Amino acid sequence: MKNLTIFILAVLTVVSFSLSVPGSSHATGSAPPEPGPVTPPPIGNGITQVDTMYGDVKGFIADEGVVAFLGIPYAKPPVGELRFAPPVAHESWGNMFEAMDFGPACPQQEIEPSDVMNSNIDEDCLTLNVWTPSVDGQERAVMFWIHGGGYLWESSGDKLYCGARLAARGNVVVVSVEYRLGAFGFSYFDDVQGSGNAGLLDQVLALRWVQDNIVAFGGNPDNVTIFGESAGSYSVCALLGMPAAKGLFHKAIGQSGGSSTIRQKDYARRSTELLYQYAGVNTLAELRQLSWQEVMAAQEQVMETTLLPENIYAGVIDGTVFTEPPLHAIAKGQSSNIPLLVGTTKDEGRWWMAENLLLALPAATPLVTMTAFPYFERSIPSNKTAAEGIALYYLNYPELVFSPNLVALAMMTDAFLRVPTLRQAEAQVAYQPGNVFVYRFDWEPPAPEYSFLDLGSPHGSELAFVTGYPEGWPELYGEDGIPKGLQDQMMDAWASFAKTGNPNHANMPEWRPYNTSDRPTMLFKARGSDATSRLKNDPDGATRAFWNAQPFDGINPSLLPEDLSESGSILPGLL
């Protein structure tokens, strides 16, 4: 048994822990606001050319009837001396810019070409995309999408993230953005101001572009909602706590991600030291002289020798961009005027079984996974014990008594995603009572590619219900589509929130705002093609309360430098 445990501990070290995301107060009452349109608006006036402060841009009428402008550069290429540095605004391009196709994805591991993933990768990647019902000066609500992928993967050009259907159904302007990932976006250097947060500063610069130009695309710069999933949701929380982003957006939606991934400088420095080591260079100048492919090769080596590879890169408390954890700034009122909508899926952590089948084995018990992943063990509140937590989860989920690995994943779901997301809501509700809303997504996709796994409602399973593109993830959603009633309900809720700060509309149960007393939570679910969503107070409250003493603010629990070293990896240690 000891040898089996050691084997599991060793192999588990490579498991994936992230995927592949007008600002006036509007208190709710007994009568919800008027819903947005539930049928696509008429095709606009056919205008596909607009004038921005950088020059003219030409788009096209998409199949959904909206006007699309793709791959618009918002920053200078982040190459040479700009590699790892804060972005610099793009200059005028002079002639007409043909915005007919997505720009390249930012540097990441090679992507197999397909109809659903943007496999074109290049370091000159700082572009954005706009979908608008019409270029007609109506000043619609703007929804600014930040993709997920663990700050390591994915692109706004992926099919799942297309903004056309949301723009058409909601009569909103959708903007999506490419931002630097991994070592390029989040390597920290003491003598490069803003480094370690460059990927987040890319998002800030893109938001400034929206402020300067979105009127020309039929959008309202005074009504911008940021929304994102996974790393995109972590980004939403970071922007809420970032002084440089203040005033650039007016509402926020976070899907499966809070504030717990912000890094301290010692941890961020260690990741840069390892990058130097595996790149075979000693100075920043040398690192900037390498090709982006050589930097990526070094990054992949860093990822292979750490316990939590997807936790290597995120924002850093550098004393300039962030002087404190974003959650602390939010709690002090940094974004006190921002209505907030946040939530998670019911079984977030079960997706990790698809990333590493060892987690599907009963031998991957809570204690085994805590040993393999010290950050998980450090998440246990100081006034509790791991044994107490394990017993509580078995008590509350008796159906899992013969699936200890699913008990471990339920605990990790809460420590990594659910409770950090709720911490964000708890901080903001003090300033926006009546304007903070919490959901849980319960619908279970067919997941034909993973029919041998009990994925439940895993990380990312709500995405197609927000964007309207289930064909962007056939491995999870299959080929038969998703429940239309639930898709319409969620798309209308997101669009209504973007317009008014309130997600309520005529085709859903009343969604009461969140508070820390009865904690009303909208459970999104469906039977057949029909939505069966309902409001429930404090779902799974006992397991939520277990973590009460843990802030999940990036400091407690904390990622430690020894998590980023070969000596901190179980496999090399055993060898």
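Tabulated results
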item	result
Condition check for A141: small (G, A, S), outside any loop (DSSP other than H, G, I, E, B) and closer than 28 Å to E479 by Cα	no
Extreme residue, nearest to P448 (Cα to Cα), among residues of the stretch 459-496 that are polar (S, T, N, Q) and in contact with a strand residue (DSSP E or B) (Cβ under 9 Å, 6 or more places away or on another chain)	S461
Boolean, E471 is at pLDDT 95 or above and over 27 Å from A231 (Cβ atoms)	no
First in the stretch 451-466 and on the phi > 0 side of the Ramachandran plot and at pLDDT 95 or above, second anywhere and of a type in the set (A, V, I, L, M) and assigned to a loop (DSSP other than H, G, I, E, B), Cβ under 6 Å, 6 or more apart	G460/L19
Residue within the stretch 302-317 that is of a type outside the set (A, V, I, L, M, F, W, C), crowded, with 23+ Cβ neighbours inside 10 Å and modelled with pLDDT of 95 or more present	yes
Any pair with Cβ under 9 angstrom, 6 or more apart, that starts in the stretch 213-236 at a residue that is closer than 27 Å to L181 by Cα and outside any helix (DSSP H, G or I) and ends at one that is of a type in the set (S, T, Y) and modelled with pLDDT under 95	S230/S18; S230/S20
Flag if A498 is under 17 Å from the mean Cα position of the chain (by Cα) and part of a helix (DSSP H, G or I)	no
Conditions (1) more than 24 Å from S517 (Cβ to Cβ); (2) aromatic (F, W, Y); (3) more than 19 Å from the chain's Cα centre (by Cα); (4) surrounded by 16 or more Cβ atoms within 10 Å (Cβ to Cβ): number failed by F416	(3)
Of all residues making up the stretch 501-511, the number that are closer than 22 Å to R140 by Cβ and surrounded by fewer than 16 Cβ atoms within 10 Å (Cβ to Cβ)	2
Residue tally, condition hydrophobic (A, V, I, L, M, F, W, C) and part of a loop (DSSP other than H, G, I, E, B), over the stretch 245-266	3
Residue count for the stretch 512-531, restricted to those that are out of contact with any helix residue (DSSP H, G or I) (no Cβ under 9 Å at 6 or more places or on another chain) and crowded, with 22+ Cβ neighbours inside 10 Å	1
Hey, D442 modelled with pLDDT under 95 and over 21 Å from A141 (Cα atoms) or not	no
Residue in the stretch 364-375 that is outside any loop (DSSP other than H, G, I, E, B), modelled with pLDDT under 95, more than 30 Å from P446 (Cα to Cα) and of a type in the set (V, I, T) present	yes
Candidates L486, L559 - the one that is modelled with pLDDT under 95, crowded, with 22+ Cβ neighbours inside 10 Å and not in a strand (DSSP E or B)	L559
Any pair with Cβ under 6 angstrom, 6 or more apart, that starts in the stretch 116-127 at a residue that is among the hydrophobic types (A, V, I, L, M, F, W, C) and ends at one that is in a strand (DSSP E or B) and surrounded by 15 or more Cβ atoms within 10 Å (Cβ to Cβ)	I121/A105; L126/A75
When residues of the stretch 335-346 are limited to those that are part of a loop (DSSP other than H, G, I, E, B) and crowded, with 22+ Cβ neighbours inside 10 Å, the one nearest to the chain's Cα centre (by Cα)	K346
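The values are calculated or read from the model by the stated rules, or taken from the named source; none is laboratory data. Here the structure is a predicted model, which means the values were calculated and not measured. A quick note on method: Cβ atoms are made from the backbone with ideal geometry, for glycine too, and the neighbour counts reach across all protein chains shown.
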